[in-house]
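Participant: Structure in structure tokens, see below.
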Amino acid sequence: MNILLIDNQTKHLEKICRLLPDTPTVVPWNKLSATDALGRDLIILSGGTNVPSVTEYEEFFLIQKSIILGSEKPIIGICLGAQIIANAFDAELEFLGKKRQGIITVLPTETGTRILSIHSPFQVYEGHSWAIKKLPESFDVLAESEDGKEIFKHSSRPLWGLQFHPEHLIDQTSGDEIFLRILNDVKG
């Protein structure tokens, strides 16, 4: 697979790369151009450490939002990446007051999908200060936590958002399994 990994200053870059079937082309968010997305089989938007919020600094993410809105290729957003996807479609994001960090419990809302064959609460690792509270009707919410939407997919386009970090604490959480199911869905 020809994978573009947009690095939003994540501290987990190597861990994301280990989950991927092929070595991605990694482009830092501030060096990204729209042409970097051309010819890719998959685009991944990483989380970000110490990156300003999407809602307060939208101009920092204009190229990523342009790629999201203009590409028909599969895109997976992780944490901040999921917030960028949500923001591109005018979703409602909310500041949580402080950073949520650690393992949390997530409840599936759609258990009949191939992505979520989990029928009960499961655990993932989170590390963010913003939550996705409301998505437009063009998205299906697959799982939620007490903070907001945790897993979502666009109803007609190959866009997925994971508000958590599937690459972190893979021996203690289900995040990597969900991420790998999405990758399998992308590969068809």
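Participant: Report, by residue number, each residue of the range 62-85 that is closer than 16 Å to N2 by Cβ and either charged (D, E, K, R) or at pLDDT 95 or above (or both).
Facilitator: Residues satisfying the conditions are I67, E72, K73, P74, I75, I76.
Participant: Another question, if that's okay. Looking only at the range 39-57, count how many residues are touching a helix residue (DSSP H, G or I) at 6+ places or on another chain (Cβ under 7 Å), closer than 26 Å to L169 by Cβ and touching a residue at least 60 places away in the same chain (Cβ under 8 Å).
Facilitator: So the answer is 3.
Residue-by-condition table, conditions (1) modelled with pLDDT under 90; (2) under 15 Å from the mean Cα position of the chain (by Cα); (3) of a type in the set (F, W, Y); (4) under 29 Å from M1 (Cα atoms):
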position: I132; (1), (2), (3), (4): no, yes, no, no
position: P136; (1), (2), (3), (4): no, no, no, no
position: E144; (1), (2), (3), (4): no, yes, no, no
position: I151; (1), (2), (3), (4): no, yes, no, yes
position: S156; (1), (2), (3), (4): no, no, no, yes
position: W160; (1), (2), (3), (4): no, yes, yes, yes
position: D171; (1), (2), (3), (4): no, no, no, yes
position: D176; (1), (2), (3), (4): no, yes, no, yes
position: G188; (1), (2), (3), (4): yes, no, no, yes
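Participant: With respect to Q101, is the statement that it is assigned to a helix (DSSP H, G or I) and either in contact with an Asp or Glu (Cβ under 9 Å, 6 or more places away or on another chain) or within 21 Å of L183 (Cα to Cα) (or both) true?
Facilitator: When the stated conditions are applied, Q101 does not pass them.
Participant: Give the range 58-68 a look and list any residue that's without any contact (Cβ under 8 Å) to a residue 24 or more places away in the chain and either more than 23 Å from F89 (Cα to Cα) or touching a helix residue (DSSP H, G or I) at 6+ places or on another chain (Cβ under 8 Å) (or both), or say none.
Facilitator: K65
Participant: With the requirement that a residue be surrounded by fewer than 22 Cβ atoms within 10 Å (Cβ to Cβ) and at pLDDT 95 or above, what does the range 40-61 give you?
Facilitator: Within the range 40-61, R40, D41 qualify.
Participant: Out of the residues in the range 165-188 that are of a type in the set (D, E, K, R) and in a loop (DSSP other than H, G, I, E, B), which is nearest to G70 (Cα to Cα)?
Facilitator: Among those that are of a type in the set (D, E, K, R) and in a loop (DSSP other than H, G, I, E, B), it is E167.
Participant: Here is a follow-up. Given the criterion farther than 15 Å from A86 by Cβ and in contact (Cβ under 8 Å) with a residue 24 or more places away in the chain, identify the matching residue among D36, D22.
Facilitator: Answer to the selection: D36.
Participant: Okay, next question. Within the set of pairs 6 or more residues apart or between chains, which connect a residue that is under 16 Å from K133 (Cβ atoms) inside the range 89-102 to a residue that is among the aromatic types (F, W, Y) and surrounded by 11 or more Cβ atoms within 10 Å (Cβ to Cβ) with Cβ atoms less than 6 Å apart?
Facilitator: L93/W130; F95/W130
Participant: In this structure, is E72 more than 20 Å from P158 (Cα to Cα) and either crowded, with 17+ Cβ neighbours inside 10 Å or charged (D, E, K, R) (or both)?
Facilitator: So E72 fails the test.
Participant: Follow-up question, since we're still on this one. Just to be sure I understand, how many residues within the range 128-164 are of a type outside the set (F, W, Y), over 21 Å from G188 (Cα atoms) and assigned to a loop (DSSP other than H, G, I, E, B)?
Facilitator: Looking only at that region, the number is 9.
The values are calculated or read from the model by the stated rules, or taken from the named source; none is laboratory data. What you see is a predicted model; the values in this text were computed from it and never measured. So basically every Cβ, Gly included, is an ideal-geometry build from the backbone, and we count neighbours across all protein chains shown.
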